[in-house]
Amino acid sequence: MIFRGRFEYTIDPKGRVNIPSRFRDQLTESGQQTVVITNNENCLFAYPAGDWERIEQKLAANVSSVNRKKNAFVRFFVGGAVEVAPDKQGRILIPPSLRGYANLERDVVIIGMPNRFEIWDRERWNVEVGRFEKEGIEDPELAREIDALGI
């Protein structure tokens, strides 16, 4: 499932935020009513529940009792995960721990990605975009990777 677009919303005092109607429609059409949200890279990642199950299976097959860095990532990524369902108004409730991690207080940006969508604090998103505009566009390694994709 490919999520596309950039949407700006406000989190209400209870920690609820709208999911773009296009994204909700995609979830419904695929037979999935819930998403799993988790912390990563100063924002929240939201995966359709079926996709999240496949991620957990991959992680479970590759967890090592001796690889401390990998285990720390799995604890962080899976340990922070929460399954949520949109309410009748199309909002999901983001738990306080995840709101705190991503610094989601009021203004948020929801960004579509090829296999998930991301929920960013608007100020953090603006910093991320500014950093990319300043550094990423001229990064020769990134340019080669983008070229390899045929873009």
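The values are calculated or read from the model by the stated rules, or taken from the named source; none is laboratory data. Remember, it's a predicted structure, so these values are computed and weren't measured experimentally. Ideal geometry is used to build each Cβ from the backbone, glycine not excepted, and the neighbour counts take in all protein chains shown.
The figures follow:
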read-out: Scope region 104-151; condition of a type in the set (K, R) and farther than 16 Å from L44 by Cα; matching residues; value: R131, K134, R144
read-out: Given (1) surrounded by fewer than 17 Cβ atoms within 10 Å (Cβ to Cβ); (2) at negative phi; (3) of a type in the set (G, A, S); (4) touching a residue at least 40 places away in the same chain (Cβ under 8 Å), number of the condition G90 does not satisfy; value: (2)
read-out: Among residues of region 106-118, those that are surrounded by 13 or more Cβ atoms within 10 Å (Cβ to Cβ) and either over 17 Å from Q26 (Cα atoms) or without any contact (Cβ under 8 Å) to a residue 40 or more places away in the chain (or both), counted; value: 3
read-out: Residues within region 2-36 that are touching a helix residue (DSSP H, G or I) at 6+ places or on another chain (Cβ under 6 Å) and on the phi < 0 side of the Ramachandran plot, tallied; value: 4
read-out: Residue match in region 1-8 (condition: assigned to a helix (DSSP H, G or I) and modelled with pLDDT under 95); value: no
